[in-house]
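Below is one structure; the comments refer to it alone.
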Amino acid sequence: MKKLLALLLVAVMLFSFAACGGSDDTGSTGSAAADDFKIGIICLHDENSTYDNNFIQAIYAAQKELGLKDDQVLVKVNIGENEACYNAAAELVDEGCNIVFADSFGHETYMIKAAKEFKDVQFCHATGTKAQVENLPNYHNAFASIYEGRFLAGIAAGMKLNQMISEGKITADQAKIGYVGAFNYAEVVSGLTSFYLGVRYICPSVTMKVQYTNSWFDIAKEKEAALNLINSGCVLISQHADSEGAPKACEEKGVPNVAYNISTISMGPNTAIISSKIDWTPYFKMIIENYKAGKAIPTDYCGTIETGSVALTELNDKVAAPGTAEKIEEIKAKLISKEIKVFDTKTFKVGGNELTTYSADVVDMGDFKPETEAIENGAFTESSKRSAPYFDIKYIDGISE
Amino acid sequence: MSSKRLAQHSEPLLHITKRDAMVWYKGVIIRAIAIVAALIVCSALIVLLTKLNPLDVYSEMIEGSFGTERKFWILLQNIAMLLCISLAVTPAFKMKFWNLGAEGQVLVGALASAACMFYFKEVRMGDTLPLVYEAPLSNAVLIPMMLVASMAAGIIWAVIPAIFKAIWGTNESLFTLMMNYVAMQLVAFFIMVWVPNGSSVMGIINPNTESGWLPELFGQKYGFNILIVGLLTVAMYIYLKYSKQGYEISVVGESENTARYIGINVKKVIIRTLIVSGAICGIAGFLLVSGTNYTVSKDIAGGMGFTAIMVAWLAKFNPGMMVITSFLVVFMQRGAGAIATTFGLNQSVSDILTGIIIFFIIGCEFFINYKVNLRTKHKEG
């Protein structure tokens, strides 16, 4: 009898699914009046990831500034880089979203799939590379010139190293720093190189060792990598990975740390110096305002220091060297005026030589072949030909794995 | 009927006796009571932790699974995938072969399908926009090739620990568990080879020609997945219940010595059963690539290889009941996502709720199998 019941329940389920298949209710996707505007945000993880939390806080900030109601901003968390992303996007469209935004690199192909299907909805994607090639009117990439933020964070690290040298804690030759990277990928390589160049701008004798975790979010691995680097003699750590693993390892060992995405002062009150971050609030405001005004959203948008997209978090005066804040302001002004270029080819060498030409894979045709000359006017033109970073030189002299 | 009396000798307040077979509807009633009790506990927790109205939360969970036609199809698709892997682990578990390697078997199955798609991937014709692509193989050739490759991969991954167990008596739990990690690293390795820019993201394979993608069925993109798993469910039910091989699995599971005594070749049964198990995991991997994600990643199985064990066990290895238990698990997961979005709750809240409900469901089995007797005067028998 129990089996009969089981079969009956199966039959009920099959019946209900046949019944549902017959209905033809389709979600309306017409252009919305200002009041029923909605934006949907797709996040790879939830607020426990510093990376995703940065997006979540930014959309809430934009919501506040633009006076949107709570039900106009829908945030979907823990959406994997697979069909779940397409389904989340489609569900957000069903719920009436006019703009759908996804925050992770691996979401891109699923967002494109959704963009091709839902032509009345704008799809925006952070860190992606394909908008230029896909050439869809409703699919857009965005990033920021975060290498400038990394450079500024590097200034703070350099000041700290100089302080340690002048206090006699280390010699100039011992100015070795460590970097915990997620993947051996252009976005990470560009970030670690610009950070290193910032440090070296202040402390010329510095060298850097990189260790990858091969994961964007892995607390244990990030902590382990940071400890490895510290044990191999690194006196300052920075990272490009999304958990609190490295900052906490640094706090345990009393090693200064420069972080990314969020302020880590609460995790490491005695070691956190500063963090560079992309502030997505200006981008969110821009796309919402553009949509409401009927203006196009840029196909490939790159925020800068001037747009407020590249920012630094609060400086921890307890740890930072004296004069750091002033120095950062000074260099920031010079970056804006272009007096300093982060990837000025006169400031670094590759294999002992100055870089005069470099072909980068800017146009993402899926073939991984470089095609675009990236050196112009004596500098590597990072993020100007495409918002997502393409500086993938492994490595400039002074950096090793 | 019986009244409480003072016993002459000290008798415990409660004692527990094994029940005889219970009338089926009583079992249903006990389970229903368990679910209601679980919901009451969950409600109390929701009010305490979040100050939300629990009815709103429950209705949002139902909305999250059934709210739109799309949500309903996604629900069915998710049930189909979890059910498929649950079916795969069932024959092995019934035989008391603790196959903890379904995750890895699914992964290598997915990897094999993705490899077929990758090595016969669409070719770009020229460099001018808009780009035009052509598929080197027709789907009539490519899709069967993927299916066979996935099943073969799943079989290899399952049969290695089976052979070691059958011949040398190695511990299959540890062996299959370790094979998961090998499978994960294998996937990570191939993605590194296929995607040389270091991002470790494969992305949709063949997005332009849809080569190697299962076509729509009845206008539904998940139609084939649901149909195939539906057929597998029926087939597995018949196989376990009515076939000689299914009987042999039960006997080996009950007692290997009995099996040997009545002339069953235990080694052969172990290996043969794991071939079945691995093949179905391979099919699950194929469906995850060809019918669902069109890509492969380390987490494509998403822990379903382990959840499936719970699903199968809750259903007492009855494929028909597994439809219901996998529905329950998927419903909770989908509901979890919905309440996270609507109420801004962390998804852990719904994990807690899922845990409570499953605790009650498993707990009520105790009351189905055993009877709790209060201190009473026994009838003389």
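Just so you know, all these numbers are worked out from the coordinates, no wet-lab data involved. All of these numbers come straight from a predicted model, not from anything done at the bench. Every residue, glycine as well, gets a Cβ built from its backbone with ideal geometry; the counts of neighbours run over all protein chains shown.
Under the rule of at least 5 residues apart or a separate chain, name every residue whose amide H is placed under 5 Å from the amide H of A:GLY181.
For A:GLY181, the qualifying residues are A:GLN211, A:TYR212, A:THR213, A:HIS240.
From the residues A:ALA126, B:GLN105, B:ASN369, which one has its Cα farthest along the dipole of the protein assembly as shown in the positive direction, the dipole being from +1 and -1 charges on Cβ of Lys/Arg and Asp/Glu about the Cα centre?
Ranked along the dipole, the leading option is B:ASN369.
Too long at a 28 Å Cα-Cα cut-off: which of B:LYS121/B:LYS165; A:LYS248/A:LYS318; A:LYS69/A:LYS248?
Where the Cα-Cα span goes over 28 Å, the pairs concerned are B:LYS121/B:LYS165; A:LYS69/A:LYS248.
Restricting to the protein assembly as shown, compute how many DSSP beta bridges are antiparallel as a %, nearest 5.
The answer is about 30 percent antiparallel.
What residues qualify as long-range amide H neighbours of B:TYR133, i.e. H under 5 Å apart, gap of 5 or more or another chain, H built at 1.01 Å from N?
Amide H neighbours of B:TYR133, under 5 Å, 5+ apart: B:MET125.
Counting DSSP beta bridges with both partners in chain A, what percentage is antiparallel, nearest 5? Numbers along the way, then the final one.
On the way: 9 of 48 bridges.
Restricted to chain A, the bridges split so that about 20 percent are antiparallel.
Between A:LYS209 and A:ALA333, 0.36 nm times their residue separation minus their Cα-Cα distance comes to what?
Contour length minus the Cα-Cα distance gives 41.7 nm.
What percent antiparallel are the DSSP beta bridges of chain B, to the nearest 5?
Of the beta bridges lying entirely in chain B, close to 100 percent run antiparallel.
Only helices at least 27 Å long along their axis, Cα-based, and averaging -0.5 or more on Kyte-Doolittle count here, so list those DSSP H runs from chain B.
Once both thresholds are applied, what remains is B:24-50, B:69-94, B:139-168, B:172-194, B:223-242, B:266-288, B:319-343, B:347-369.
Can you put B:TYR242, A:TYR185, A:TYR260 in order, fewest other beta carbons within 10 Å first? Numbers along the way, then the final one.
On the way: B:TYR242 9, A:TYR185 22, A:TYR260 26.
The order, fewest Cβ neighbours first, is B:TYR242, A:TYR185, A:TYR260.
Taking a point 7 angstrom from the Cα of A:ASP367 along the C-beta vector, which residues in segment B:87-127 have backbone N less than 14 Å away?
In segment B:87-127, the label zone of A:ASP367 (backbone N under 14 Å from the point 7 Å along Cα→Cβ) covers B:122-127.
Could you give the nm distance between label points at A:VAL350 and B:GLU365, where each point is 7 Å from its Cα heading toward the beta carbon?
Each label point lies 7 Å from its Cα, and together they span 6.1 nm.
Determine how many Å³ per residue the convex hull of the Cα atoms of segment B:77-344 encloses.
Measuring per residue, one finds 153 Å³ for the Cα hull of segment B:77-344.
How would you classify segment A:31-126 from its alpha-carbon gyration tensor, with a ≥ b ≥ c the square roots of the eigenvalues: rounded for a/c under 1.5, else prolate if a/b is greater than b/c, otherwise oblate?
Note, shape of segment A:31-126 comes out oblate.
Give me the dipole magnitude in Debye, nearest 20, for segment A:227-343 about the Cα centre, with unit charges on the beta carbon: positive for Lys and Arg, negative for Asp and Glu.
Here the size comes out at about 240 debye.
To the nearest 20 Debye, how big is the dipole of segment A:36-86 about its Cα centre, given +1 on the beta carbon of each Lys and Arg and -1 on that of each Asp and Glu?
Numbers: 4 positive and 9 negative charges, 32 e Å.
The dipole magnitude comes to about 160 debye.
Determine the equivalent ellipsoid of chain A by diagonalising the alpha-carbon gyration tensor, then write out the semi-axes as square roots of 5 times the eigenvalues, largest first, rounded to whole Å.
Taking √(5λ) for each Cα gyration eigenvalue gives 42, 24, 20 Å.
Using Cα pairs closer than 8 Å and at least 6 residues apart in sequence, work out the relative contact order for chain B, in percent.
Relative contact order, chain B: 35 percent.
Obtain the nm distance between the two label points defined at B:LEU49 and B:GLU210 by a simple spin-label model: each point lies 7 Å from its Cα along the Cα-to-C-beta direction.
The modelled label-to-label distance comes out at 4.1 nm.
Students often get this wrong, so check it: of A:LYS160/A:LYS334; A:LYS113/B:LYS298; A:LYS169/A:LYS338, which have C-alpha atoms separated by over 24 Å?
On the way: A:LYS160/A:LYS334 21 Å; A:LYS113/B:LYS298 22 Å; A:LYS169/A:LYS338 35 Å.
With Cα atoms farther than 24 Å apart: A:LYS169/A:LYS338.
To the nearest 20 debye, what charge dipole does segment B:77-344 have about its Cα centre, counting +1 at the Cβ of each Lys and Arg and -1 at the Cβ of each Asp and Glu?
760
I'd like the FRET efficiency for B:PHE343 and A:GLN57, computed as 1/(1 + (r/R0)^6) with the beta carbon distance as r and R0 of 22 Å, rounded to 0.05.
The pair B:PHE343/A:GLN57 has a calculated efficiency of 0.75.
Pop a pseudo-label 7 angstrom from the Cα along the beta-carbon direction at both B:LYS241 and A:LYS69 and give the gap in nm to one decimal.
5.2
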